[in-house]
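Chemist: The structure is given below, and queries will be raised subsequently.
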Amino acid sequence: MFLPVKNAGAKGPRPAHSGFSESDWGILASFWHPVALSSEVTDKPWGTTLLDVPVVLYRTPEGVSAARDVCPHRSARLSLGTVRDGRLVCGFHGFEYAADGACTRIPALAADTPIPRKLCLQAYLCQERYGLVWVCLSKVPRAGLPEWPHIEDGSGIVAVVPPGTWNASAARHIENFTDLCHVPFIHTSTFGGPEVVIEPYEVQVDGMKLAFEAPVVERVRYVGEDTGYAQPQLNHAIYRYETILPFSTSVKVHHPEKGTTYRVFDVGSPVTASTTRIFQIVVDEGRTVPAEALIDFTERINGEDLSQVVAQSPQALPLDLRDEIHIPADRMSVEYRRALAALGLGADMAR
Ligand code: FES
Ligand code: CO
């Protein structure tokens, strides 16, 4: 019911209840993560969560701003407030804050009384790209955003999939996204083809990027009514996956016989250690499939993945390779676990 009398200075950037270890939290906080669609952020403050941290987002003529969604006065949720004249206004007692976090007005304080300097929001780095709002909780990002020119170059139909929230860790989601083995078994109503032996493949590891390419036999059952795909048909495709640490992946799906190319960009945003908001953008380079059909098909695929991934136990991804059994087709998963460990993740046992 009470916080300790001597509590000052005990507050670090990582929330005390966080399911991430101290060290994992610090590493993940140093990366950019998407936290909202651009369309979700308006001049009405919008609250979300990243790495267990409550985050408020709001839009002013200067762009999108992000801050800890806790008012330093009485710890109210700023996402319950408003935006007025470019300032974030707390709905509880009307304190106003500028984008850099500084308190600029306290209605109950006489105008000639100085505002305490300590009265400052924790503002976060924030930027918009690919139709998403990205936040970094650390002052110094360890890496930039993924470079995905195919979303921005205007050459294909771009479909932004409504984000879903999975009760799974971001790392389990990413691993599933790059897992070829599950396709014939899970994706039986969408694109899963016949059971096939997956030939060994190489994974190229280059700094923060892991990539591999493999042939895939698809049987596409549904894309959309007008696309000519309605009847199941076998496609021989080449998939090229590129994962950018920690939780961004793209897959290029190329059908050499038909000359078509689709790309799916996928980012798992770690809301908590066991909850992930999935942001996905699909690009059809041939411009033959309407965006609504691309979204519908992707959501059907996600629904098939979801039932298995949320049931994986533990939800945390084992970074000790001895904890699960691997086959040659799991090369990407093995390299992903190694790369996450090389970042320093999973280094401490204690929470
Ligand atoms: Fe925000 Fe009082 S709690 S102004
Ligand atoms: Co899948």
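Chemist: Could you please find all residues in region 244-257 being in a strand (DSSP E or B) and out of contact with any helix residue (DSSP H, G or I) (no Cβ under 6 Å at 6 or more places or on another chain)?
Modeler: Result: Ile244, Ser248, Ser250, Val251, Lys252, Val253, His254, His255.
Chemist: Mind checking which pairs have a first residue in region 101-116 that is closer than 30 Å to Leu137 by Cβ and a second that is among the β-branched types (Val, Ile, Thr) and within 10 Å of ligand 1 (Cβ to nearest atom), Cβ under 8 Å, 6 or more apart or different chains?
Modeler: Listed by first residue and then by second, the contacts come to Ile115/Ile106.
Conditions (1) surrounded by 15 or more Cβ atoms within 10 Å (Cβ to Cβ); (2) under 22 Å from Leu28 (Cβ atoms); (3) touching a strand residue (DSSP E or B) at 6+ places or on another chain (Cβ under 9 Å); (4) of a type outside the set (A, V, I, L, M, F, W, C), marked per residue:
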| residue | (1), (2), (3), (4) |
| --- | --- |
| Arg105 | yes, no, yes, yes |
| Ala110 | no, no, no, no |
| Pro114 | no, no, no, yes |
| Cys126 | yes, yes, yes, no |
| Ser138 | yes, yes, yes, yes |
| Gly144 | no, yes, no, yes |
| Ile157 | yes, no, yes, no |
| Val161 | yes, no, yes, no |
| Val183 | yes, no, yes, no |
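Chemist: Hey, does region 188-209 have a residue that's surrounded by 18 or more Cβ atoms within 10 Å (Cβ to Cβ), within 16 Å of ligand 2 (Cβ to nearest atom), under 23 Å from Arg142 (Cα atoms) and hydroxyl-bearing (Ser, Thr, Tyr)?
Modeler: Checked against the condition, which is being surrounded by 18 or more Cβ atoms within 10 Å (Cβ to Cβ), within 16 Å of ligand 2 (Cβ to nearest atom), under 23 Å from Arg142 (Cα atoms) and hydroxyl-bearing (Ser, Thr, Tyr), region 188-209 yields no hits at all.
Chemist: So, in region 53-66, exactly how many residues are away from ligand 1 (no atom under 12 Å from the Cβ) and under 28 Å from Gly12 (Cβ atoms)?
Modeler: Number of matching residues: 8.
Chemist: Continuing with the same structure: Just a yes or no: is a residue in region 180-189 under 24 Å from Gly286 (Cα atoms) and under 14 Å from the mean Cα position of the chain (by Cα)?
Modeler: Within region 180-189, none of the residues are under 24 Å from Gly286 (Cα atoms) and under 14 Å from the mean Cα position of the chain (by Cα).
Chemist: How do the pairs read when you match residues in region 327-351 that are over 17 Å from Phe31 (Cβ atoms) and at pLDDT 95 or above with residues anywhere that are crowded, with 17+ Cβ neighbours inside 10 Å and among the polar types (S, T, N, Q), using Cβ under 7 Å and keeping only pairs 6 or more apart or on different chains?
Modeler: What qualifies is Met332/Thr178.
Chemist: For region 315-322, state whether one or more residues are touching a strand residue (DSSP E or B) at 6+ places or on another chain (Cβ under 6 Å) and either buried (at least 21 other Cβ atoms within 10 Å of the Cβ) or within 20 Å of Glu218 (Cα to Cα) (or both).
Modeler: Checked region 315-322: no residue is touching a strand residue (DSSP E or B) at 6+ places or on another chain (Cβ under 6 Å) and either buried (at least 21 other Cβ atoms within 10 Å of the Cβ) or within 20 Å of Glu218 (Cα to Cα) (or both).
Chemist: Evaluate the following for Val89: is it within 29 Å of Leu28 (Cβ to Cβ) and either of a type outside the set (D, E, K, R) or within 16 Å of ligand 2 (Cβ to nearest atom) (or both)?
Modeler: no
Chemist: Please enumerate the residues belonging to region 281-294 that are surrounded by fewer than 17 Cβ atoms within 10 Å (Cβ to Cβ) and more than 14 Å from Val253 (Cβ to Cβ).
Modeler: Arg287, Ala291, Glu292
Chemist: If you check Phe2 against the conditions, is it among the aromatic types (Phe, Trp, Tyr) and either under 28 Å from Ser169 (Cα atoms) or in contact (Cβ under 8 Å) with a residue 60 or more places away in the chain (or both)?
Modeler: For Phe2, the condition - among the aromatic types (Phe, Trp, Tyr) and either under 28 Å from Ser169 (Cα atoms) or in contact (Cβ under 8 Å) with a residue 60 or more places away in the chain (or both) - is not met.
Chemist: Another question, then. Residue by residue through region 10-44, note down the ones that are under 16 Å from Arg129 (Cα atoms) and surrounded by 13 or more Cβ atoms within 10 Å (Cβ to Cβ).
Modeler: If the condition is that a residue be under 16 Å from Arg129 (Cα atoms) and surrounded by 13 or more Cβ atoms within 10 Å (Cβ to Cβ), then Phe31, Trp32, His33, Pro34, Val35, Ala36, Leu37, Ser38, Glu40, Val41, Thr42 are the ones that fit.
Residue-by-condition table, conditions (1) in contact (Cβ under 8 Å) with a residue 40 or more places away in the chain; (2) touching a helix residue (DSSP H, G or I) at 6+ places or on another chain (Cβ under 7 Å):
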position: Val160; (1), (2): yes, no
position: Arg172; (1), (2): yes, yes
position: Phe177; (1), (2): yes, no
position: Gly193; (1), (2): yes, yes
position: Gln204; (1), (2): no, no
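Chemist: Check whether at least one residue in region 144-152 is away from ligand 2 (no atom under 15 Å from the Cβ), modelled with pLDDT of 95 or more and of a type in the set (Asp, Glu), and report yes or no.
Modeler: Of region 144-152, the ones away from ligand 2 (no atom under 15 Å from the Cβ) are 144-152.
Applying the additional criterion that residues be modelled with pLDDT of 95 or more yields 144-152.
Still in the running and of a type in the set (Asp, Glu): 147, 152.
Yes, the conditions are met somewhere in region 144-152.
Chemist: Moving on to the next point. For region 67-77, which residues satisfy the criterion of being in contact (Cβ under 8 Å) with a residue 24 or more places away in the chain and near ligand 1 (Cβ under 7 Å from one of its atoms)?
Modeler: Within region 67-77, Cys71, His73 qualify.
Chemist: Regarding Gln308, is this residue of a type outside the set (Phe, Trp, Tyr), touching a His at 6+ places or on another chain (Cβ under 9 Å) and at pLDDT 95 or above?
Modeler: So Gln308 passes the test.
Chemist: Further question on the same structure: (1) surrounded by fewer than 17 Cβ atoms within 10 Å (Cβ to Cβ); (2) more than 30 Å from Cys71 (Cα to Cα); (3) touching a strand residue (DSSP E or B) at 6+ places or on another chain (Cβ under 6 Å): which one isn't true of Trp148, the others all being true?
Modeler: Among (1) surrounded by fewer than 17 Cβ atoms within 10 Å (Cβ to Cβ); (2) more than 30 Å from Cys71 (Cα to Cα); (3) touching a strand residue (DSSP E or B) at 6+ places or on another chain (Cβ under 6 Å), the lone unmet condition for Trp148 is (1).
Chemist: While we're on this one: Within region 88-100, can you find the residues that are in contact (Cβ under 8 Å) with a residue 24 or more places away in the chain and within 14 Å of ligand 1 (Cβ to nearest atom)?
Modeler: Scanning region 88-100 gives Leu88, Phe95, Tyr97.
The values are calculated or read from the model by the stated rules, or taken from the named source; none is laboratory data. Note that the coordinates shown come from a computational prediction; the quantities given were computed from them, not determined experimentally. Cβ atoms come from the backbone with ideal geometry, glycine included; neighbour counts cover every protein chain shown.
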